[in-house]
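The values are calculated or read from the model by the stated rules, or taken from the named source; none is laboratory data. Note that the structure is predicted; figures quoted are calculated from it, not measured. We place every Cβ from the backbone using ideal geometry, glycine too, and count neighbours over all the protein chains shown.
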Amino acid sequence: MKNQPEEMPAAAVRSPLLEVPLGGIGFMLAMTVCFSTLDASAKFITGELSLWMVMWGRYFFHLLFIAVFFLRGAPREIVSTRNLKMQVLRSSLIFCAGVTFWAGLIYLPLAECTVIAFISPLLVTILSVIFLGEKFGSYRWIVAVAGLAGVLLVVRPGAGIVHWAVILPVLSALFYATLQITTRILGMRDKALTTLFYTCTCGLVFSSVMAAFFWQTPSPVQWLLLMWLGLVGAAGHFFMIRAFERAPASLLASFDYATLVWAVLFGFFLFGDLPDGWTVVGAMIIVSSGAYLIRREKRAVIPKTYPAQTL
């Protein structure tokens, strides 16, 4: 009986209510790995195929993987939605975010393009408070500011990023921030696979229209690369949707900074862009901020307004 008071806090930590946001964080981190891999692969293949061909292949195989692995069970339940306009809006936003970011990758290094796009988490924070009515505690503000400081340390304004293409990742950040808000809303209305289905279907329609004017038959190796884009992209979107089903947008925005770390690593190993000391320090600040937020969330009492949805 004497051990009961000591066991109660541990049981509280393992309660479903406290596991909800941590599950969202886990999905968010998995999403950053997938999307960083997707961006690095896209940067590589856009050197051989047009941007619109790459976008088409990415969405074509995205839809193919969804059909093969998910639509066999209950296709009507997955395709059915009462939020068609919101689904089309979200799909349009994610398509525009992808086009502008990958266009930026043609002219800018992967790490630099990713860093510039990192105004998106701050936009998500502002939009989630305005449109979703989410509360943003003081310690989350501190973490967000620390993460932004890390990003600025990597960029070091005035250090030479003056190419006109910097506007492309900025536009991508705006599209992406709005996308995350719509994802949060749809997470409370439609299942994750429903949103994923409409994402790839609308994206395929949009990209097919453009690819028709820039078509070039891919080689066998290029077909494999396009298949890889579809697989990684589908996984990344699935993880994103599940993350926003389980945690508030203002919380998840901070963990999107992990994408920067992966971008630096991919940029170095795949394209020979060696990060300097300031970049390493900035990345450490970003990672430390996310780790602190995880620790705080483990102690927090999570309200019932963010229930986990099952497929």
Test: Phe65 is in contact with a Phe, Trp or Tyr (Cβ under 8 Å, 6 or more places away or on another chain), of a type in the set (Phe, Trp, Tyr) and modelled with pLDDT under 95 | no
Find the residue count for the range 235-286, including only residues that are of a type outside the set (A, V, I, L, M, F, W, C), at pLDDT below 80 and assigned to a helix (DSSP H, G or I).
-> 5
At pLDDT below 70, within 30 Å of Ile286 (Cα to Cα) and more than 20 Å from the chain's Cα centre (by Cα): does that describe Val129?
-> no
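What number of residues within the range 212-265 are hydroxyl-bearing (Ser, Thr, Tyr), surrounded by fewer than 17 Cβ atoms within 10 Å (Cβ to Cβ) and closer than 21 Å to Glu112 by Cα?
Kept after step one, since they are hydroxyl-bearing (Ser, Thr, Tyr), are these residues of the range 212-265: 217, 219, 250, 254, 257, 259.
If we keep only those that are surrounded by fewer than 17 Cβ atoms within 10 Å (Cβ to Cβ) as well, we get 217, 219.
After this cut, where a residue has to be closer than 21 Å to Glu112 by Cα as well, the list is none.
So the count comes out to 0.
Would you call Arg76 free of Cβ contacts under 8 Å to residues at least 40 places away in the same chain and among the charged types (D, E, K, R)?
Yes: the conditions hold for Arg76.
Just to be sure before I move on: is Ser92 farther than 22 Å from Leu225 by Cα, exposed (fewer than 15 other Cβ atoms within 10 Å of the Cβ) and small (Gly, Ala, Ser) in the structure I sent?
Details: farther than 22 Å from Leu225 by Cα: yes; exposed (fewer than 15 other Cβ atoms within 10 Å of the Cβ): no; small (Gly, Ala, Ser): yes.
Answer is no for this residue.
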